[in-house]
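The values are calculated or read from the model by the stated rules, or taken from the named source; none is laboratory data. The shown structure was predicted, so the numbers you read here are calculated from the model rather than taken from an experiment. Here the Cβ positions follow ideal geometry from the backbone for every residue, glycine too, while neighbour counts run over all protein chains shown. The area values use the complete protein model at the heavy-atom level, side chains included, leaving out ligands, DNA and RNA. Shrake-Rupley method; radii C 1.70, N 1.55, O 1.52, S 1.80 Å.
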Amino acid sequence: MVSEAKTINDAEVRRLADPAEVIAAIRAAFARDYSATVRMPVRTCLQLAGGAVMLVMPCYDSALDAAGVKIVSVSGQAGVIASYELLDPQTGAVAARMEANYLTDLRTAATSAVATDLLARDDAETLGVFGCGRQAAAHVAVLPRVRNFRRFLVCGPLDRKSNSPPNTSEFCRKMNDEHGIAAEPADAERCVRESDVICTCTDSPTPLFDGRLLRAGTHLNLIGAFQPETREVDDETARRSRIVVDTYDGALAEAGDLLIPLKNGTIGRDQIVADLHEIASGKKQGRTSRDDITLFKSVGCAMEDLVTAKLVFEKKANSN
């Protein structure tokens, strides 16, 4: 790494970060035994005045020869705002400062893609997405790289003031314009009943659908909820699922989707069958039959950010 810090804005990150390369890099990172080389404390979560939440996510990987930290703020008004500082691990000097909004969107969707490739049925044809924000857009764009989806259903969140669904047609048109994907607006029941893979990408603090509606064989990626008291799916969904997490430490500290049913006794700890490393490395099996309902709970981990940031930094350096 060079001593002079580079500044990389969101537009450059979008140009430099190839989704297929990010998927491959994140999968490789989880497949290796990183416990001996990665230092990654559970992220710090601070409540700020006005309701915003600040997250601080450091990581050092000696095998990757990289270190960095992401700072994120999450609020109902501004959404998710992130920045990343990539460090020279030998000196601690800042090698690059990045706007990390798109980086966060892409690394999250890429991790979901890794989980989907490892856990979803090979014949999955319909992708259902809850949400109309940046993460929903990233998942619609990235997940077709691991499955040949023929249909895309989008369920927009309820407007909390009017208690009515917003118009998702504009979002669907945007997906068609940007990616050639003919997405269809759908209500929650249809989205759940007809989807083979479901991604929940919302800020809802309460369950989005009735878990009894899930078809046998469905795979779910749960993205939005990241605090112990919030969740996007109900007890029934958790009860019916074989659960895989990105990391045990993060999920068991933050994931209300799991902590709430664990606390009330709906599920036991043994229902969390693996973390992503154990699945990606082949140490454990996620899906055991075509009828299994598999659930990947993502709270996000700093290694995903570091892998993606280093990839972007190297592409930037090589393009100069």
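Key figures for this structure:
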{"item": "Pairwise label distance in nanometres, SER281 with ALA78, each label 7 Å out on the Cα-Cβ vector", "result": "3.8"}
{"item": "Pair ALA253, ASP123: separation of 7 Å Cα→Cβ label points (nm)", "result": "4.2"}
{"item": "With every protein chain in place, the chain: carbon and sulfur % of accessible area (1.4 Å)", "result": "49"}
{"item": "Distant-in-sequence amide H partners of ARG231 (H built 1.01 Å from N, under 5 Å)", "result": "THR206"}
{"item": "Cα-centred dipole magnitude for the chain, charges only on beta-carbon of K, R (+1) and D, E (-1), debye, nearest 20", "result": "220"}
{"item": "The chain - accessible surface per residue (Å², probe 1.4 Å)", "result": "44"}
{"item": "Gyration tensor (alpha-carbon) shape descriptor, region 3-108, a/c threshold 1.5", "result": "rounded"}
{"item": "Residues with amide H under 5 Å from that of ASP275, placed H, sequence gap 5 or more", "result": "VAL245"}
{"item": "Rounded tilt (10° steps) of 19-31 against the dominant C-alpha axis of the chain", "result": "90"}
{"item": "Rounded to 10°, Cα long-axis angle of helix 169-179 versus longest principal axis of the chain", "result": "50"}
{"item": "Convex hull of Cα atoms in the chain, direction-averaged projection (nm²)", "result": "16.0"}
{"item": "For region 45-52, Karplus couplings with θ = phi - 60° (6.51, -1.76, 1.60), whole Hz, Gly/Pro x", "result": "10, 10, 7, 9, 4, x, x, 6"}
{"item": "Extension gain (nm, one decimal) between ALA93 and ALA36, 0.36 nm per residue minus Cα-Cα", "result": "18.2 nm"}
{"item": "Pairs of Cα atoms farther than 17 Å apart, region 181-320, %", "result": "62"}
{"item": "Rg/Rh for region 99-208, where both radii come from Cα atoms and Rh is the Kirkwood radius", "result": "0.95"}
{"item": "For q = 0.20, 0.22 Å⁻¹, Debye-computed log10 I/I(0) when each Cα of region 17-60 counts as one equal scatterer", "result": "-0.80, -0.84"}
{"item": "Cα-only radius of gyration and Dmax that characterise region 78-142, units Å", "result": "15.8, 49"}
{"item": "FRET efficiency estimate (nearest 0.05) - Cβ-Cβ, ARG290 to ASN167, R0 56 angstrom", "result": "0.95"}
{"item": "Extended-chain gain in nm, criterion 0.36 nm per residue less alpha-carbon gap, SER62 and ARG190", "result": "41.4 nm"}
{"item": "Amide H within-cut-off set for ILE267, under 5 Å, with H built and near neighbours excluded", "result": "LEU262"}
{"item": "Full-extension gain in nm, ARG151 to ALA11, via 0.36 nm per residue minus C-alpha separation", "result": "47.5 nm"}
{"item": "Spacing of the two label points (7 Å from each Cα toward its C-beta) at THR44 and ALA317, in nm", "result": "2.8"}
{"item": "Flagged links, alpha-carbon separation over 31 Å, of LYS284/LYS310; LYS174/LYS263; LYS6/LYS283; LYS263/LYS310; LYS284/LYS315", "result": "LYS174/LYS263; LYS6/LYS283; LYS263/LYS310; LYS284/LYS315"}
{"item": "From phi via Karplus (6.51, -1.76, 1.60), per-residue ³J(HN,Hα) for region 133-139 in Hz, x at Gly/Pro", "result": "x, 5, 5, 4, 4, 5, 5"}
{"item": "Using alpha-carbon coordinates, inclination of helix 101-119 to the longest axis of the chain, degrees", "result": "60"}
